[in-house]
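Enquirer: I'd like to ask you about the structure that follows.
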Amino acid sequence: MGYTNKLLARQREVGRPVRIGLVGAGQMGSGFIAQIARQKGVDITAVADIAIDRAVSALANAGITDVDQSADLDTLAATIEAGGHVVVNDALTLPKLPIDMVIECSGVPEIAAKVALASLLGGKDVALMTVEADVTVGLLLARIAAQTGNIYTVCRGDEPVECLKLVEYVEDIGLDVVLAGKGKNNPLNETATPSSLEAEAKAKGMNPRMLCSFVDGTKTMIEMAALANAADLELTKRSMHGPAATVPTLQDIFKPIEDGGILDRSGVVDYATGPVAPGVFVVAKATDPVVHEELSYLKLGEGPYFAFYRPYHLASVEAVLSIGEVMIDRQPSLAPIAWNADVSAMAKRDLKVGEKIDGIGGEHVYGDAVPAAEAKAGRELPIGLASAGTLIRDVAQGTAVTYDDVQLDETKTIVILRKLQDALLADGQLQVPALASLLSA
């Protein structure tokens with residue numbers, strides 16, 4: 001039975017659909033709203049956006065016009081209980097309303113972290129579209145969720161989540177995961193800036209900062225780190241390899257060195273450049289000769305290494321699948337189970353004392369995927385905290401920005417959560433008893 005039927009069965013049982021509150025009615029959020037409005041057994045009940053008119057328009061485009069814009073919580077709650085819809089300008093209002101699940105589409109790590117924490121402590125399940133927050137404080141949020149009985153997850157549809165599903169599939173059919181990865185569809189240029197990409201972004205109808213985060217590699221590094229932490233895999237190495245590949249050559253390239261590939265070990269993540277994007281893939285090994293022969297007979301290749309490839313990911317279109325996974329299965333789509341990989345802020349140019357770092361997709365830094373132990377040893381600043389930092393020391397181009405190089409804004413929720421996560425981490429695992437004691441204090 002698919003989620004549509006299960007969600008409809010739930011609606012018949014409880015007498016109403018799943019109520020969703022969504023943060024951010026921009027391009028990604030408005031697309032998500034349109035998808036949720038089409039999903040049976042689910043209602044896009046509340047939308048939060050600093051621009052109220054944008055939220056109202058997004059709902060109207062989805063055919064929802066009975067929108068309450070009151071500032072009074074009791075009035076909003078009454079509207080929702082009566083089956084109506086509401087919009088608010090403060091995302092932190094959503095956990096206070098009678099909804100079941102909060103979905104964050106802001107694209108801003110600080111907002112994502114703040115919404116996730118408030119939702120979990122407010123007794124709501126929460127799903128993030130902003131994976132940048134997950135690679136910064138996701139392990140802590142996942143542990144808080146477990147302590148509160150709620151679900152924390154990253155939404156379906158983006159590469160790390162869909163690649164994780166392939167990993168799970170390969171494991172479920174009894175094969176050994178050698179490598180999991182994604183395709184990167186543009187040449188890597190770590191010094192790219194929004195200003196240098198302005199014309200290209202305009203031609204593509206994209207925000208220059210968003211395009212920059214793809215071109216400078218930050219997005220790929222973040223996605224592969226999220227996958228490593230959720231699947232308990234490791235990075236192949238700092239920055240990964242990123243070799244040129246085609247779909248037919250994946251299993252030939254991403255296999256151990258002793259068998260003619262580039263890997264020094266199995267159980268790792270990496271990415272490929274070339275015509276593999278926008279797909280995700282897993283290279284697996286069949287160690288049983290009977291299984292090996294069967295897969296070869298079924299035209300998956302000569303083996304014993306076989307590539308499993310998904311040629312697409314559908315972002316906000318298939319993000320709705322997380323609603324079913326959370327509300328029906330009570331399982332996250334993707335959440336960290338270990339802390340194997342971090343993403344450090346690297347200087348795009350020589351940075352000077354007094355500069356306020358502009359963050360992901362900006363003029364100052366790009367993200368580099370780093371083994372978590374290496375990042376910790378070097379006190380490297382996570383890219384998700386970069387926009388909260390002002391430089392107190394010069395940093396040379398191409399080197400990591402460290403905690404010692406910046407003054408962080410200690411009022412930022414994501415900074416506070418990361419400091420707590422770091423304090424509770426040991427050998428890639430959070431010390432759950434210490435966290436449980438902290439939450440009960």
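Enquirer: Can you give the calculated 222 nm mean residue ellipticity of the chain, where each DSSP H run of n ≥ 4 adds -39,500 (n - 2.57) and the sum is split over every residue, rounded to the nearest 500 deg cm²/dmol?
Expert: -11000 deg cm²/dmol
Enquirer: Calculate, for R393 and D264, the FRET efficiency according to 1/(1 + (r/R0)^6) with r their C-beta to C-beta distance and R0 56 Å; round to the nearest 0.05.
Expert: Once the sixth-power term is evaluated, E becomes 0.95.
Enquirer: About the Cα centre of the chain, how large is the charge dipole given +1 on each Lys and Arg Cβ and -1 on each Asp and Glu Cβ? Please answer in debye to the nearest 20.
Expert: Computed charge dipole of the chain: roughly 600 debye.
Enquirer: To continue, here is another question. Calculate the dipole size of segment 106-161 relative to its Cα centre from +1 charges on Lys and Arg beta carbons and -1 charges on Asp and Glu beta carbons; express the result in debye to the nearest 20.
Expert: Values: 4 positive and 6 negative charges, 51 e Å.
Computed charge dipole of segment 106-161: roughly 240 debye.
Enquirer: Rank N61, G174, A272 by how far each Cα sits towards the positive end of the charge dipole of the chain (+1 on Lys, Arg Cβ; -1 on Asp, Glu Cβ) and give me just the farthest.
Expert: N61
Enquirer: Another one. Given R₀ = 30 Å, FRET efficiency for K202-K352 by Cβ-Cβ distance, to 0.05?
Expert: In this case the efficiency is close to 0.50.
Enquirer: Taking all protein chains in place and a 1.4 Å probe, what share, in percent, of the accessible surface of the chain do carbon and sulfur account for?
Expert: Carbon plus sulfur share of accessible area: 52 percent.
Enquirer: Report, ordered by chain and residue number, the aspartates and glutamates lying within cross-link reach of K202, taken as a straight Cα distance under 18 Å and ignoring same-chain residues fewer than 8 apart.
Expert: Straight-distance partners of K202: D216, E363.
Enquirer: Specify which residue in the list I36, G378, A307 is farthest towards the positive end of the charge dipole of the chain, using unit charges on the beta carbon of Lys, Arg (+1) and Asp, Glu (-1), about the Cα centre.
Expert: Of the listed residues, the answer is I36.
Enquirer: I'd like the distance separating the alpha-carbon centroids of segment 118-194 and segment 74-105, in whole Å.
Expert: 26
Enquirer: Amide H of H364: which non-local residues (sequence gap of 5 or more, or other chain) have their own amide H closer than 5 Å, using H built in the peptide plane?
Expert: For H364, whose amide H was placed from the backbone, the distant partners under 5 Å are D358, G359.
Enquirer: Place +1 on the Cβ of every Lys and Arg and -1 on the Cβ of every Asp and Glu in the chain, take the dipole about the Cα centre, and give the residue among A245, I360, Y297 whose Cα lies farthest towards its positive end.
Expert: I360
Enquirer: Okay, next question. Over the Cα atoms of the chain, what is the Rg over Rh ratio if Rh follows Kirkwood? Don't jump to the answer; show the numbers that get you there.
Expert: On the way: Rg = 22.0 Å, Rh = 22.6 Å.
On the Cα set of the chain, Rg over Rh gives 0.97.
Enquirer: If you bin the C-alpha pair distances of segment 60-187 every 10 Å from 0, what whole percents do you get?
Expert: For segment 60-187, the binned pair fractions read 12, 32, 31, 18, 7, 1 percent.
Enquirer: Net charge near P332: determine it from the other residues with C-beta under 15 Å of the C-beta of P332, scoring Lys and Arg +1 and Asp and Glu -1.
Expert: It works out to a net charge of -4.
Enquirer: Follow-up question, since we're still on this one. For segment 285-441, evaluate the Debye formula with one uniform point scatterer on each Cα (no solvent term) and list log10 I(q)/I(0) at q = 0.09, 0.18, 0.20 Å⁻¹, rounded to two decimals.
Expert: So the normalised log intensities work out to -0.50, -1.09, -1.17.
Enquirer: Exceeding 25 Å between C-alpha atoms, which entries from my cross-link table qualify? They are K40/K114; K6/K96; K219/K376; K376/K412; K165/K419; K184/K348. Intermediate results must be reported in sequence, preceding the final value.
Expert: On the way: K40/K114 29 Å; K6/K96 27 Å; K219/K376 21 Å; K376/K412 21 Å; K165/K419 31 Å; K184/K348 20 Å.
Those over the limit are K40/K114; K6/K96; K165/K419.
Enquirer: How large is the accessible surface per residue of segment 68-197, computed with a 1.4 Å probe and reported in Å² as a whole number?
Expert: On a per-residue basis, 33 Å².
Enquirer: Determine the per residue accessible area of segment 285-441 with all protein chains present and a 1.4 angstrom probe, expressed in square angstrom.
Expert: 46
Enquirer: Ok, one more. Relative contact order for segment 300-441: what is it in percent, counting Cα pairs under 8 Å that are at least 6 residues apart?
Expert: This gives 21 percent for segment 300-441.
Enquirer: Could you give the C-alpha radius of gyration of segment 127-178 expressed as a fraction of 2.2 N^0.38 Å, taking N as the number of residues it contains?
Expert: Rounded to two decimals, the normalised Rg is 1.32.
Enquirer: Further question: Take the alpha carbon gyration tensor of segment 243-298, find the square roots of its eigenvalues, order them as a ≥ b ≥ c, and report rounded if a/c is under 1.5; if not, report prolate when a/b exceeds b/c, else oblate.
Expert: Oblate is the answer for segment 243-298, as a/c is 1.5 or above yet b/c matches or exceeds a/b.
Enquirer: For S70 and Y312, calculate 0.36 nm times their separation in residues minus their Cα-Cα distance, and state this gained length in nm to one decimal. Numbers along the way, then the final one.
Expert: Numbers: separation 242, 0.36 × 242 = 87.12 nm, distance 4.10 nm.
Extra length from S70 to Y312 when fully extended: 83.0 nm.
Enquirer: What does the extension gain come out to for I52 and R238, with contour length at 0.36 nm per residue minus their alpha carbon separation?
Expert: 62.7 nm
Enquirer: Treat every Asp and Glu Cβ in segment 101-228 as -1 and every Lys and Arg Cβ as +1, leave all other atoms uncharged, and give the resulting dipole magnitude about the Cα centre to the nearest 20 debye.
Expert: Using Cβ point charges on Lys, Arg, Asp and Glu, segment 101-228 gives about 340 debye.
Enquirer: Using all C-alpha to C-alpha distances in segment 340-414, build P(r) with 10 Å bins and read off the rounded percent in each one.
Expert: Reading upward from the zero bin: 23, 58, 19, 0.
Enquirer: OK, next. Which net charge results when you count Lys and Arg as +1 and Asp and Glu as -1 among the other residues whose beta-carbon is under 10 Å from that of A78?
Expert: Details: positive: none; negative: D68, D72, D74, E81.
Net charge in that neighbourhood comes out at -4.
Enquirer: Cβ neighbours within 10 Å, averaged per peptide: list 224-231, 247-254 in order, most packed at the top.
Expert: 224-231, 247-254
The values are calculated or read from the model by the stated rules, or taken from the named source; none is laboratory data. Source: prediction; values computed, not measured. Heads up, the Cβs are rebuilt from the backbone with ideal geometry, glycines too, and the neighbour counts pull from every protein chain shown. Only protein heavy atoms, including side chains, enter the accessible area calculation; ligands, DNA and RNA are left aside. Shrake-Rupley method; radii C 1.70, N 1.55, O 1.52, S 1.80 Å.
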